[in-house]
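Encoded as structure tokens, the structure appears first; notes follow it.
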Amino acid sequence: LKEHNARHLWHPMAHPADSLANPPDIIVEAEGVQIIDVDGHRTIDAVGGLWNVNLGYSCQPVKDAITAQLNRLPYYSIFRGTTNDNVIELAEMLAAFFAPDGLSRAFYTSGGSDGVEVALRLARQYHKIRGEAGRVKFLSLKKGYHGTHTLGASVNGNANFRTQYEPLMPGCYHTPAPYTYRNPFNETDPERLAQLCLAAIEDEIMFQDASTIAAFIMEPVLGAGGVIPPHASFMPGVRALCSKHGILLIADEVITAFGRTGGWTGSRHWGVRPDLLVSAKAITNGYFPFGAVMVSEGVAEVFEKDTSGRGAIGSGYTYSGHPVGAAAAIACLRETERLQVQLNAGARGAQLFAGLQALMARHEVIGDVRGGHGLMCALELVADRGSKTPIDKKTIGKVHRATYEAGVMVRVSGNNIILSPPLVVSETDVANILSALEAGFSAI
Ligand code: PMP
């Protein structure tokens, strides 16, 4: 299998020559919160698929819902107003779920990158309908990740997802992330750093001219950039700046929606109501590709009251509102709410974060530990703590492999080890994740 893999298969986010140099190996089965490789080696999936498998791999009600839907109506498009019972029921459930965030309309996609694309396009369209056609630019955070489509890559704040594909979309500008470990202000106090980052955003808004900016897009907790939680004042500050300058706020909650931060949405966690919210990943927990862009009443009204025809939505995918995806999402949302997974995410997240801090005290190579908001944590590895030089790829690879051999799959992203286990992990699972990491670090 490995030989065939090397010959015919290219992997996302991997060099074709070294895609199997480190775990994951060939995964053939999964059960509960564990994955099983081709050699029968069982590991706790501390990545949670790809931050999406919140409910674990054995969620029978979701499997049953998918099977029943496949037998009843495997596919029909919802283009131009054709509809089906599932997508209607799901939209109602999502409107209820996101009501505290002020969001009441759902536009379906097949994943997060599509959702980002749709949200950015809707933002431009919103301003055009209102006669502010000059509002076309987008602002976002450095270290932000917004998928791999061209608009998403353009607002992406990580060089490695951008440089090979330039020139990207003009009109996208990035401001400093509230990243206490490394920032251009050399500020280590999270609250003061949040204020400096907000000042930088306002400065950029003035520099660009507010009347040319359509939207600010941000993750409530930066994920793929290395799990960077901002100070509690940051997102409310961005909201205030957006409102003051007529800019739409898009919350990219592809990772954070549905409980991962310990609250139901990342925006709610910070007490913010965005204008648009992108959800995907845990909406179907990996059981089916799906996503939903949620729209606020205020934005929806502009489209719905438009009589010029400019409000017609020109975005859509063959698989927008796939009935099987919708069936999976309905079952996932029911399970998510029934199990109140956000509560366990908060409790187990606190256990994990405390354990990682203890690990840092024993291992010099850990320069920073980030977390404290549910089950999203990261360890940043450095060659030495003084210079903060990122650790080399080979050493982090060794930690990765040794941790895997000790029974836990983690994710390596640059010089970070990222942990985002299913939200249904037990206290023992978290203890096992920590002891496997201990073994991983002891290997170097
Ligand atoms: N936005 C964020 C914040 C993400 O983390 C991701 C995926 N990791 C995306 C967008 C893209 O989603 P997808 O991979 O489903 O296209």
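The values are calculated or read from the model by the stated rules, or taken from the named source; none is laboratory data. Bear in mind the structure is a predicted one, so any value in this text is a computation, not a measurement. FYI the Cβ positions are ideal-geometry reconstructions off the backbone, even for glycines, and counts take in every protein chain you see.
A few points about this structure:
- Residues satisfying the stated conditions in segment 146-169, i.e. touching a strand residue (DSSP E or B) at 6+ places or on another chain (Cβ under 9 Å) and part of a loop (DSSP other than H, G, I, E, B): His146, Gly147, Asn156, Gly157, Met169
- Any hit, segment 263-281, residues being among the aromatic types (Phe, Trp, Tyr), over 25 Å from Gly371 (Cβ atoms) and more than 12 Å from the ligand (Cβ to nearest atom): no
- Qualifying residue in segment 368-376 (condition: free of Cβ contacts under 8 Å to residues at least 24 places away in the same chain, under 22 Å from Ser420 (Cβ atoms), part of a strand (DSSP E or B) and not assigned by TED's automatic domain parsing to the domain that holds Gly223): yes
- Within segment 116-145, being touching a residue at least 24 places away in the same chain (Cβ under 8 Å), away from the ligand (no atom under 16 Å from the Cβ) and part of a loop (DSSP other than H, G, I, E, B) holds for Arg130, Glu132, Gly134, Arg135, Val136.
- Total residues in segment 11-30, condition more than 16 Å from the ligand (Cβ to nearest atom) and at pLDDT 85 or above: 5
- Qualifying residue in segment 207-214 (condition: surrounded by fewer than 17 Cβ atoms within 10 Å (Cβ to Cβ), in contact with a Gly (Cβ under 6 Å, 6 or more places away or on another chain) and either in a strand (DSSP E or B) or of a type in the set (Val, Ile, Thr) (or both)): yes
- Filtered residues of segment 287-301 (kept if touching a Leu at 6+ places or on another chain (Cβ under 8 Å) and within 16 Å of the ligand (Cβ to nearest atom)): Ala292, Val293, Met294
- Some residue of segment 41-61 being assigned to a helix (DSSP H, G or I), away from the ligand (no atom under 16 Å from the Cβ) and not polar (S, T, N, Q): yes
- Only one of Val62, Val53, Val47, Val33 that is in contact with a Cys (Cβ under 7 Å, 6 or more places away or on another chain) and at pLDDT 95 or above: Val62
The rows are residues; the columns are (1) more than 17 Å from Ala46 (Cβ to Cβ); (2) crowded, with 21+ Cβ neighbours inside 10 Å; (3) assigned by TED's automatic domain parsing to the domain that holds Ser426.
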| residue | (1), (2), (3) |
| --- | --- |
| Gly321 | yes, yes, no |
| Val324 | yes, yes, no |
| Ala328 | yes, yes, no |
| Gly386 | yes, no, yes |
| Thr403 | no, yes, yes |
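- For segment 261-353, the helices (runs of 4 or more DSSP H) that sit wholly inside it and include 2 or more residues that are among the acidic types (Asp, Glu) are 297-304, 323-339.
- Selection from segment 194-241 of residues that are over 21 Å from Gly134 (Cα atoms), within 15 Å of the ligand (Cβ to nearest atom) and among the aliphatic types (A, V, I, L, M): Met218, Val221, Leu222, Ala224, Val227, Ile228, Met235
- Contacts under 8 angstrom Cβ, first residue in segment 385-396 being free of Cβ contacts under 8 Å to residues at least 40 places away in the same chain and farther than 24 Å from Asn186 by Cα, partner surrounded by 15 or more Cβ atoms within 10 Å (Cβ to Cβ) and of a type in the set (A, V, I, L, M), 6 or more apart: Ile396/Leu381; Ile396/Val412; Ile396/Ile417
- Hits in segment 347-367 (condition: under 22 Å from Trp270 (Cβ atoms) and surrounded by 19 or more Cβ atoms within 10 Å (Cβ to Cβ)): Arg348, Gly349, Leu352, Phe353
- Of the criteria (1) more than 13 Å from the ligand (Cβ to nearest atom); (2) surrounded by fewer than 17 Cβ atoms within 10 Å (Cβ to Cβ); (3) under 18 Å from Gly414 (Cβ atoms), which one Glu191 fails: (3)
- With respect to being buried (at least 22 other Cβ atoms within 10 Å of the Cβ) and hydroxyl-bearing (Ser, Thr, Tyr), Tyr145 fits the description.
- Checking each residue in segment 223-252 for being part of a strand (DSSP E or B), out of contact with any Lys or Arg (no Cβ under 8 Å at 6 or more places or on another chain) and not acidic (Asp, Glu) picks out Leu248, Ile250, Ala251.
- In the set (1) away from the ligand (no atom under 16 Å from the Cβ); (2) modelled with pLDDT of 95 or more, the condition left unmet by Asn84 is number (2).
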